[in-house]
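Below is one structure; the comments refer to it alone.
The values are calculated or read from the model by the stated rules, or taken from the named source; none is laboratory data. None of the values given here were measured: they were computed from a predicted structure. Using ideal geometry, Cβ is built from the backbone for each residue, glycine included, and neighbour counts are taken over all protein chains shown. With ligands, DNA and RNA removed, areas are computed over all heavy atoms of the protein, side chains included. Shrake-Rupley method; radii C 1.70, N 1.55, O 1.52, S 1.80 Å.
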Amino acid sequence: MKKKDIDWGNIPFDYMVTDYRYVSMYEDGKWDDGVLTGDATIKLSECAGVLQYAQEVFEGLKAYETVDGKIVTVRPDLNAERIYNSAIRLEMPPFPKERFIDAVEQVVRANAAWVPPYGSGATLYIRPFEFGFDSVIGVKPSDVYQFRMFTTPVGPYFKGRVRPIAVKITDYDRAAPHGTGGIKAALNYAMSLKAIMEAHREGYSENFYLDPATRTYIQETGGANIIFITKDHKFVTPKSDSILPSVTRRSLEVVAKDYMGMEVEERPVALAEVPDFVEVGVCGTAAVIAPVGEIHDHGNVIHVPSGMDEIGPVLKEMRETLTGIQMGTIKAPEGWIHEVKVED
């Protein structure tokens, strides 16, 4: 299998059209068999449910070429479970979990020539999504849905070495109590756009959102979970029903506990205790871990002890361990690695 003629070491983190995508339709109470298609366009009614009432959920995962030349995905079962639960929350028919895994295999295999080579720093990003397809004018769920999965090769989220970022405590709320913050729905990300653009205009890389009920507890950013390291070497992550259950964060918890011998705590984290942590980061599929060096809270600046020059030693080891697992240089926990068999 010959790779595409691409300068893999210099591709951006951006959308690039690949050869095939997977499409399945839900009509009359059931999903069809699904197909691979070369058509990257979607033809929709102007009154489609996704356009009128934002009925859409999505996922993000990656395929990697490992050190021994295999093509793998890591923990796709968690993505299958999360989009299943997200669909139920928005009154959408969930795409079956076993078929999700099969769709990942099909679309990665069909686009194997687009999987960046090991050592290039690039990966194949996979974007599954489901949306209301038919015309809906009254406020109600759609009757017809499309599940779609495309791929795009992407470069590393950070070019060069990973540098700490400055973030701000935003006055906006990311999610309402008992709302949709715990699912991966497009509407959550639309709500974060004004806040993130304001942060960028003010010179910050991200926002930290507080809980909307009391505005005293840290929750997450607009698109990533937040992680903390304590002085006594504990790995702490905020706990709330409004926080998206990040696959990367859950994987880092295993890395911390089983590979680094750390105690792991998932609990509410008060803003008032943030100055006590020695390392802070945000984590997600795209960046793995982005270290945080400064947190700006309405004129008060929390200077994280790890600083603004380098990623802290604990988060650095965590990041290198997880990427090593993804790339096959470090043995993965049982059941994490899903190999996609590709013919030569």
For this session: Scan region 254-274 for residues that are open to solvent by less than 30 Å² (accessible area, probe 1.4 Å) and within 21 Å of the chain's Cα centre (by Cα) and jot them down.
Result: Val255, Ala256
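Hey, any hits in region 17-25 for a residue that's assigned to a loop (DSSP other than H, G, I, E, B), closer than 30 Å to Gly160 by Cβ and open to solvent by less than 40 Å² (accessible area, probe 1.4 Å)?
yes
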Exercise. In region 118-129, which residue that is open to solvent by less than 30 Å² (accessible area, probe 1.4 Å) and in contact with a Pro (Cβ under 8 Å, 6 or more places away or on another chain) is farthest from Ile88 (Cα to Cα)?
Worked result: Ala122
Exercise. Of all residues in region 83-110 being under 26 Å from Val288 (Cβ atoms) and open to solvent by less than 20 Å² (accessible area, probe 1.4 Å), which is nearest to the chain's Cα centre (by Cα)?
Worked result: Ile83
Exercise. Here are some conditions: (1) more than 22 Å from Asp241 (Cα to Cα); (2) out of contact with any Gly (no Cβ under 9 Å at 6 or more places or on another chain); (3) not small (Gly, Ala, Ser). Ile165 meets all but one. Which one does it not meet?
Worked result: (2)
Exercise. In region 179-203, which residues are within 28 Å of Pro313 (Cα to Cα) and either open to solvent by 50 Å² or more (accessible area, probe 1.4 Å) or in contact with a Leu (Cβ under 9 Å, 6 or more places away or on another chain) (or both)?
Worked result: His200, Gly203
Exercise. Scanning region 52-82 for residues that are within 29 Å of Glu343 (Cα to Cα) and of a type in the set (A, V, I, L, M), which turns out surrounded by the fewest Cβ atoms within 10 Å (Cβ to Cβ)?
Worked result: Val67
For this session: Please name all residue pairs, on different chains or six or more residues apart, with Cβ atoms under 8 Å, provided the first residue is in region 309-329 and is under 17 Å from Gly121 (Cα atoms) and the second residue is assigned to a helix (DSSP H, G or I) and among the aromatic types (Phe, Trp, Tyr).
Result: Thr321/Tyr259
Problem set entry | Subset of region 308-336 (residues that are in a loop (DSSP other than H, G, I, E, B), out of contact with any Gly (no Cβ under 7 Å at 6 or more places or on another chain) and not charged (D, E, K, R)) | Ile311, Gly312, Gly328, Thr329, Ala332, Pro333, Gly335, Trp336
Exercise. Do any strands (runs of 3 or more DSSP E) lying entirely in region 241-307 carry at least 3 residues that are β-branched (Val, Ile, Thr), and which ones are they?
Worked result: 288-297
For this session: Could you check, for region 246-267, whether at least one of its residues is among the acidic types (Asp, Glu) and under 21 Å from Gly60 (Cα atoms)?
Result: yes
For this session: For Thr151, state whether it is part of a strand (DSSP E or B) and hydroxyl-bearing (Ser, Thr, Tyr).
Result: yes
For this session: Only residues in region 164-175 that are free of Cβ contacts under 8 Å to residues at least 60 places away in the same chain count as the first member; pair them with residues that are open to solvent by 10 Å² or more (accessible area, probe 1.4 Å), Cβ under 7 angstrom, at least 6 apart or cross-chain, and list the lot.
Result: Asp173/Pro212
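Each row is one residue, and each column tells you yes or no for (1) crowded, with 20+ Cβ neighbours inside 10 Å; (2) among the β-branched types (Val, Ile, Thr); (3) within 19 Å of Gly222 (Cβ to Cβ).
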{"residue": "Asp276", "(1), (2), (3)": "no, no, no"}
{"residue": "Val288", "(1), (2), (3)": "yes, yes, yes"}
{"residue": "Val304", "(1), (2), (3)": "yes, yes, no"}
{"residue": "Glu317", "(1), (2), (3)": "no, no, no"}
{"residue": "Gly328", "(1), (2), (3)": "no, no, no"}
{"residue": "Trp336", "(1), (2), (3)": "no, no, no"}
